[in-house]
Amino acid sequence: PKMKELLEETYGVMVYQEDVIKVAHHFAGLDMGEADVLRRAMSGKYRGHKHFEQIRAKFFVNCKERGYPDSLSNEVWRQIESFGGYSFSKAHSASFAVESYQSLFLKTYYPMEFMVAVINNFGGFYSRELYFHELKRTGAVIHLPCVNQSSNLTSIHGIDVYMGFIHVQGLEETLITNIIEERNRNGNYMHLQDFIERITPGIEQLNILIRIGAFRFTQKNKKELLWEANFLQKKNSKHNTASVLFTDKPRTFNLPVLQQQPLDDAIDEIELLGFPLCNVFELANDDVSKYIPAVSIEKYLGKEVQVLGYLITSKPAHTIKNETMYFHTFIDAAGDWLDTVFFPQVARFGNVTGKGFYAMKGRVLEEFGVYSVDVHYCKKIGIKERTQKANELTEKLNVAIR
């Protein structure tokens, strides 16, 4: 009857940490301080502590004084101990429930804004790369940082999303602040020379901005901009930064044709952002079309398939024999999720060695409507060289002409 009175709201089950306090105090007669120590012990903070053992002993002594049979006292203590693995306070549970519903609503009806908020929160289980990938799948048009459009954090204007300067590795915070404040005071930057005269950045910082594409509004390629930047930077090394009545016309240069390779941008983005903004499979040094897409693997249930995936995350697990196995999650060339299982006999060879592309063979499994691949063969695929894609495009053009 006492347990019914204390736990009627949760149908006789201890769900919240407050339930432990109530049972310890009202059922076993522990004072509130001792009950709270017991509650904290259940979350692992005092388990095995001498004070905890004293409270445990007092629990059973009090139960015997109240005339409870040993079987009942042991059962209540068993429930308290088993509760320790998932204990949570009621106040936190309510808060997380509200937040979960709000997040689900926003993700459903405002998916672009939601993903931008996740990116700017710098939290979450997955990498920034995956969040930008998911943002792209909502229909957003993602732009690299731009000196005339971007802020420190990622910003959204309709379906256009401008990546924040904060994501560019090596870019100094003071420079970012100067760019934004000067733009707010005196308007957009007209050209590279205008930017240099107004901001006077160091040459290394300027080169980073050019390589990430922050001056693409000038309609010049990066190699031309890098050449001009180094010339203009030397010319303006002693430039007077005080306000001027008249601005100089931008210098023009007669440059030879400076070729930009198709993969140059992607490689620059990998070096400065940690990932490319394009479809990452454009870099895979393999024929993507020969692999089964993730969306089709359910048609091959129980059969062997060959798939190509880009690693997203890994989760280790241990079998009953204490052997290590892995659940690796990938995306395929279409951007769809691909779940795989690496049982110990495959996992022990360490085939998955971090971020990158992996060609895999395995049998398609299904559990609770979710399809995955039981991998028995795995090989890491490299990325193309800068000139390789250009050669492929040339060959395609020649074939078309023939």
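A few points about this structure:
- Cα-based helix-to-principal-axis angle, 128-137 vs the chain, degrees rounded to 10: 80 degrees
- On the basis of the beta-carbon distance and an R0 of 45 Å, Q345 and S103 show a calculated FRET efficiency of 0.70.
- Accessible surface of the chain, 1.4 Å probe, proportion on carbon and sulfur as whole %: 54 percent
- Relative contact order [Cα under 8 Å, 6+ residues apart], the chain, whole percent: 9 percent
- Chymotrypsin sites (Phe, Trp or Tyr not before Pro) lying in DSSP loop within the range 92-189, provided at most 16 other Cβ fall within 10 Å: F122, F125, Y126
- Order by protection proxy (mean Cβ within 10 Å, highest first), peptides 209-218, 304-313, 358-367: 209-218, 304-313, 358-367
- Ranking of K64, K2, K222 by solvent-accessible surface, largest first: K64, K2, K222 (1.4 Å probe, protein heavy atoms only, all chains present).
- Here the 3J(HN,Hα) profile of the range 274-281, calculated from phi with Karplus coefficients 6.51, -1.76 and 1.60 at θ = phi - 60°, is x, 6, x, 7, 6, 5, 4, 6 Hz, Gly and Pro shown as x.
- Cross-link partners of K315 among aspartates and glutamates, defined as those whose alpha carbon lies under 20 angstrom from its own and excluding same-chain residues fewer than eight positions apart: E129, E323, D332, D336, D339, E366, E367, D374.
- Under-5 Å amide H pairs with I312, H placed in peptide plane, nonlocal only: T329, F330, I331
- Rounded to the nearest Hz, the phi-derived 3J(HN,Hα) couplings of the range 186-199 under the Karplus curve 6.51 cos²θ - 1.76 cosθ + 1.60 (θ = phi - 60°) are 10, x, 4, 7, 7, 6, 4, 4, 4, 5, 5, 5, 7, 9, where x marks glycine and proline.
- Compactness of the range 1-127, expressed as Rg and Dmax over alpha-carbon positions, Å: 19.6, 62
- Cα-projected label distance for K380 with V15, points at 7 Å along beta-carbon direction, nm: 4.7 nm
- Accessible area (Å², per residue) of the chain, counting only protein heavy atoms and a probe of 1.4 Å: 58 Å²
- Summing Cβ point charges (Lys, Arg +1; Asp, Glu -1) relative to the Cα centre of the chain gives a dipole of roughly 620 debye.
- Its residue count N fixes a reference of 2.2 N^0.38 Å for the chain, and the Cα radius of gyration divided by that reference is 1.42.
- With 22 Å as the limit, the listed pairs K22/K64; K107/K299; K299/K355; K220/K355; K4/K90 have K107/K299; K299/K355; K220/K355 beyond it between alpha carbons.
The values are calculated or read from the model by the stated rules, or taken from the named source; none is laboratory data. Worth saying up front: this structure is predicted, and the values here are computed from it rather than measured. Heads up, the Cβs are rebuilt from the backbone with ideal geometry, glycines too, and the neighbour counts pull from every protein chain shown. Areas reflect the complete protein model, heavy atoms only, side chains present, ligands, DNA and RNA absent. Shrake-Rupley method; radii C 1.70, N 1.55, O 1.52, S 1.80 Å.
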